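Below: one structure, written as structure tokens.
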């Protein structure tokens, strides 16, 4: 069942389900393939820690066929939110799907939880996601040069941030 309020143009985000263990490499950020045994351990840990210390793990699914294409983690408080994404590395359209998921998750955090700050780390080789972040009002706060390993090379990590208009008004 799709959550109506976490649906974008191409993806929707939902809670982790038991069947997601079968699709672990798509949504668990790991430099190595995730075995069924490790997926079981991670899944058990997620069930125990979701909503603890303001952390929620969500699954990103493609709207057209419900395929699991990634995962998102939200760590937040009443002051800030930190959004992390992991997309299935084998997808050709991972960048556009991540951009859509960012739009959905950012708006949900900003409008429903009203934080003062929102942070998002984006790989430098993801132009659609960086463009979506800019459209949403996220600004580049820092850039970690060649921080992320890719096959045969490294790319920058762009650390973006959004500051509430209320804070900006006080600072001005």
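The values are calculated or read from the model by the stated rules, or taken from the named source; none is laboratory data. Everything numeric in this text was worked out from a predicted model, so none of it was measured. Don't worry about glycine lacking a Cβ; one is built from the backbone with ideal geometry, like all the others, and counts go over all protein chains shown.
Rundown of residues vs (1) within 13 Å of residue 71 (Cβ to Cβ); (2) assigned to a loop (DSSP other than H, G, I, E, B); (3) over 16 Å from the mean Cα position of the chain (by Cα); (4) modelled with pLDDT under 80, yes/no style:
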site: 20; (1), (2), (3), (4): yes, no, yes, no
site: 23; (1), (2), (3), (4): yes, no, yes, no
site: 31; (1), (2), (3), (4): no, yes, yes, yes
site: 39; (1), (2), (3), (4): yes, no, yes, yes
site: 53; (1), (2), (3), (4): no, no, yes, yes
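Can you tell me which residue within the range 106-151, out of those that are free of Cβ contacts under 8 Å to residues at least 12 places away in the same chain and under 22 Å from residue 90 (Cα atoms), is surrounded by the most Cβ atoms within 10 Å (Cβ to Cβ)? Within the range 106-151, the match that is surrounded by the most Cβ atoms within 10 Å (Cβ to Cβ) is 147.
In the set (1) in contact with a helix residue (DSSP H, G or I) (Cβ under 8 Å, 6 or more places away or on another chain); (2) free of Cβ contacts under 8 Å to residues at least 40 places away in the same chain, the condition left unmet by residue 100 is number (2). Scoring residue 155 on the criteria (1) surrounded by 21 or more Cβ atoms within 10 Å (Cβ to Cβ); (2) out of contact with any helix residue (DSSP H, G or I) (no Cβ under 6 Å at 6 or more places or on another chain) leaves a single failure, condition (1).
Only one of the numbered conditions (1) out of contact with any helix residue (DSSP H, G or I) (no Cβ under 9 Å at 6 or more places or on another chain); (2) surrounded by fewer than 14 Cβ atoms within 10 Å (Cβ to Cβ); (3) closer than 27 Å to residue 132 by Cα is not met by residue 61, and that is (2).
When residue 66 is tested against (1) farther than 24 Å from residue 32 by Cα; (2) in a helix (DSSP H, G or I), only condition (2) is not met. For the residues 72, 81, 94, 24, the requirement of being free of Cβ contacts under 8 Å to residues at least 40 places away in the same chain, buried (at least 18 other Cβ atoms within 10 Å of the Cβ) and closer than 19 Å to residue 127 by Cα singles out 94.
Within the range 113-124, is even one residue part of a helix (DSSP H, G or I) and touching a helix residue (DSSP H, G or I) at 6+ places or on another chain (Cβ under 7 Å)? The answer is no, given that none of the residues of the range 113-124 is part of a helix (DSSP H, G or I) and touching a helix residue (DSSP H, G or I) at 6+ places or on another chain (Cβ under 7 Å). Just to be sure, is residue 147 at pLDDT below 95, under 22 Å from residue 30 (Cα atoms), outside any helix (DSSP H, G or I) and touching a strand residue (DSSP E or B) at 6+ places or on another chain (Cβ under 8 Å)? Judged against the criteria, residue 147 is a match.
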